[in-house]
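One structure below.
No lab work stands behind these numbers, since they all come straight from the coordinates. Everything quoted here is computed from the prediction, not taken from an experiment. When we count neighbours, we look across all protein chains shown, and the Cβ atoms used for this are built from the backbone with ideal geometry, even at glycine.
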Amino acid sequence: MKSKFISLLAVLFGLIIIIFPVIGVIGVSSLIGLSVLLVSIYLLVVGVAIIDYNTSGSIIDLILGIVLLLLSVGLIFNPAILGFLTEITLYLAGIMLIIVGLASLINNRTSRYGFYIGIAGIILGVVYIIIGTYVSNPIILGSLIGIWLIISGVLKLMDR
C-alpha cells in the first residue's frame, strides 16, 4: 500500500509540475521552488516509507529531502535568493536531480525497475544542466523534473 501511494504521489507531483509551467502564472523563483519542494516532499515520504528495510537509503533520502526543502522554501518566499543564485540554481537543480538518481540506484537495488528510475534521474539531471546553460526557460526545466517524477511513479507502479 505504501509503494502504491508513493508511486501515485510521484505521478501527481510530476503532473502538477508539468501543468504549472504551461499556465505561466508563477514566477521563475516560485516555479523552481515549487519543483524542488515537490521533489523534497517525495524524498521525505520515500525516506520514511523505506526506513524499516533500508536504513542507509532512508537516511540519504531524508537528508536530501531536508536540504531540498530548505532550498525550496528559500526560493519560494525570498525571491532575492534567486537573484543571488540565478546561475547556481540551474546547476544546483540539475546536480540535485543527478544525486536523486544516484540515491534511487542505491535504494532500489531489489526493485525490478529501480535501476531505470535512477538512470532516468541521472540522464534528466545532465539534460537539465545542459538545457539550463543554453535555454534557461523555466517551463522546460520544470517539465524535466515533472517527467522524472512521472517516470519514477509509473515504474514503481509497474514493479510488482
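Key figures for this structure:
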{"read-out": "Whole-angstrom Cα spans of the chain along principal axes, big to small", "value": "42, 25, 24"}
{"read-out": "Length added when fully stretched, Leu15-Tyr53, from 0.36 nm per residue minus Cα-Cα", "value": "10.8 nm"}
{"read-out": "Farthest positive-ward along region 2-158 dipole, Cα basis, beta-carbon charges - from Val126, Gly94, Gly14", "value": "Gly14"}
{"read-out": "Total formal charge among the other residues, if their Cβ is under 14 angstrom from that of Leu9, Lys/Arg +1 and Asp/Glu -1", "value": "+2"}
{"read-out": "Using alpha-carbon coordinates, inclination of helix 55-77 to the longest axis of the chain, degrees", "value": "20 degrees"}
{"read-out": "Among Val154, Ser143, Leu75 the positive-end extreme of the charge dipole of the chain (Cβ point charges)", "value": "Val154"}
{"read-out": "Test item: Cα-centred dipole of the chain, Lys/Arg +1 and Asp/Glu -1 on Cβ, debye", "value": "420 debye"}
{"read-out": "Sum of -39500 (n - 2.57) over DSSP H runs of 4+, divided by residues of the chain (222 nm, nearest 500)", "value": "-30500 deg cm²/dmol"}
{"read-out": "Under 14 Å, Cβ to Cβ, from Val46 - net charge with Lys/Arg +1 and Asp/Glu -1", "value": "0"}
{"read-out": "Gain in span if fully extended, Leu8 to Tyr134, counting 0.36 nm per residue against the direct Cα distance", "value": "42.1 nm"}
